Amino acid sequence: MKKIAFFCIPAHGHTNPMLPVAAELVRRGNVVRFYSFDEFEKKIRATGAEFISCDSFLPNLTKQEEAGLRNVSATEMTVQDIRITLSMNEFLDQEFKSFQPDVVYTDSVCFWGKLNAWKHHVPMVVSTSTFAFNQMSSRYMKNSPKEIADMIFGLPKISRELRKLKLYGFRVKSVFSLIQSDNNTDSVVYTSQMFQPCAESFSDHYAFVGPSVFSNVLPVKEKDRPLIYISMGTVINDRPDFYGKCIDALKNLNVDVIISCGNAINLEKLGVLPDNIRVYPYVDQLDILAKADAFITHCGMNSVSESLYMAAPMVLYPQTNEQHAVARRVTEIGAGIMLKEDSSEGIRTAVQELLNHSAYGSAAAECSVDFRVCPGAAGAAEFIENAPHSYA
C-alpha cells in the first residue's frame, strides 16, 4: 500500500483522465488524497479518493485576467498557476509533513504539484492530458500570430512571477522547465504509442496507457439513420453562432443531431429547433459517441480520444495550438477531416464527406482496437505504484 497525492488544475479536460486512475489505485489498496476544486468533489469522492478542497487558494481575478483565461492565454494561465502555488505554499508544506506521500501524481501544467514534489523530494509521476510534447512532437502545434504575441509579450510578466517562487524555496530555472516534457521524468500519457506523434523519440519513462475512461462499452452503429454529435468542449463553448450554423447545415439532411453546448449559452438563442436536432447542456459523451457516425469537435484531447475509442470519425474544428496538433494527427491516420470553412455549407459538405466515405469510419475503428489493447487505468496505476523508475 502506498500513499499517493494527486494534484490537478481546475479544468475538466485535465481532471477527468485522472479519475479512473485514482479509482484503480484505491481499488488496489492504496490511499489517494486528491487536491482539487469543489466543482470536481463529487466525481473525486466517487473514486474512493479523499478530496481536499483548494478553492480558498484561487486568486480573485480582474476582468482582464478572466478574459485571458477564457481565451486560453498561455501567459495568463502561467501567471495564475504561479500565484496559486505561492498561496498554497504554507498549506502544502503542512500537508506533505502530515500525509507524507510516497508518490505525487500531478497534472503536467499543475505547477503546485510539480514544485512541491521537487521541494519535498517525493517521487513524481506526471499526468499528461494531451500528447507528450518534446522538440520533435511540438512541430505538430500551430501557433497563431495572437498566441505567438501572447507568449513574447508575456515573458517579462512571467519572469517577475518566477522570481517570487525562489523566495519560497522553489528551485526553477525557467517556465519551460515547468511545462516541457523530458526523457527523465516519469510520465503517464493517455494515448497509444501508435497515436502519439514521434513516439519513438520518448524514453521508457513514458507510459502510453491509452484513453483513461470508465466505460467498457463497445461501439454500436446500427440504427435507422446516421447520428451526428456536436460539442465544443468545456472551455471555449460559448459559440451560439457556430451551433446555429450547424443547425442550419444539418436540419434538412436525413440525420439525427445531438448538440452538447454546456451552460455558457442561453438555449433560446438557438431558436426553434428542427425535429431532427436536440440540444442539451451536457450529455453522456461516451454513450453518444458509441452510436455516432460523425463528431464535430473542437479537438480537445479527451474528446478526440473518446471519439476514436468509440470508432466515431470526426469533423475537426481546432481552436488552440494543442488542438491543432491533435487534429493534425487525426487526419494523418485518416479518421477525420479538417473543417475548411465554418459556414453552414462548409459544415454540411464536411459531414456528408464523412458519411459518404466509409474509409474514415474504418480508420477510426482501427484506432479503437488499438486503444482498447492499451493497459489503461490499470497500467497507469501500476506505473505510479512503482515510481520512481530507473532505466539504463
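The values are calculated or read from the model by the stated rules, or taken from the named source; none is laboratory data. Only a predicted model underlies this, so the values are computations on that prediction, with no experimental measurement involved. Here Cβ is always computed from backbone atoms with ideal geometry, including for glycine, and neighbour counts include all displayed protein chains. These area figures cover heavy atoms from the full protein model, side chains too; ligands, DNA and RNA do not enter into them. Shrake-Rupley method; radii C 1.70, N 1.55, O 1.52, S 1.80 Å.
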For residues that are of a type in the set (S, T, N, Q) and open to solvent by 80 Å² or more (accessible area, probe 1.4 Å), scanning just region 186-218, find the one that is nearest to ALA363 (Cα to Cα).
GLN193
Filtered residue count, region 44-78, keeping only those that are assigned to a helix (DSSP H, G or I), crowded, with 19+ Cβ neighbours inside 10 Å and at pLDDT 85 or above
2
For LEU227, indicate whether it is farther than 25 Å from ALA335 by Cα, in contact with a helix residue (DSSP H, G or I) (Cβ under 7 Å, 6 or more places away or on another chain) and of a type outside the set (Lys, Arg).
no
Of the candidates LYS221, LYS245, the one satisfying the condition of being open to solvent by 30 Å² or more (accessible area, probe 1.4 Å) and more than 16 Å from ILE277 (Cβ to Cβ) is LYS221
Among the residues of region 204-219, which ones are part of a loop (DSSP other than H, G, I, E, B) and either at pLDDT below 95 or under 21 Å from the mean Cα position of the chain (by Cα) (or both)?
HIS205, VAL209, GLY210, PRO211, SER212, VAL213, PHE214, SER215, ASN216, VAL217, LEU218
Tally up the residues in region 1-14 that are free of Cβ contacts under 8 Å to residues at least 60 places away in the same chain and farther than 16 Å from ALA381 by Cβ, please.
1
Can you spot a residue in region 123-134 that is at pLDDT below 95, open to solvent by 10 Å² or more (accessible area, probe 1.4 Å) and either on the phi > 0 side of the Ramachandran plot or more than 17 Å from the chain's Cα centre (by Cα) (or both)?
yes
When region 6-28 is examined, which residues are found to be part of a loop (DSSP other than H, G, I, E, B), open to solvent by less than 40 Å² (accessible area, probe 1.4 Å) and not hydrophobic (A, V, I, L, M, F, W, C)?
PRO17
Restricted to region 160-185 and to residues being part of a helix (DSSP H, G or I) and open to solvent by 60 Å² or more (accessible area, probe 1.4 Å), the residue nearest to MET77 (Cα to Cα) is ILE179
Which one is farthest from GLU322 (Cα to Cα), of the residues in region 85-110 that are open to solvent by 10 Å² or more (accessible area, probe 1.4 Å) and among the aliphatic types (A, V, I, L, M)?
LEU86
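Condition check ((1) among the polar types (S, T, N, Q); (2) modelled with pLDDT under 95) across all residues:
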| residue | (1), (2) |
| --- | --- |
| LEU270 | no, yes |
| ASN276 | yes, no |
| VAL326 | no, no |
| LYS340 | no, yes |
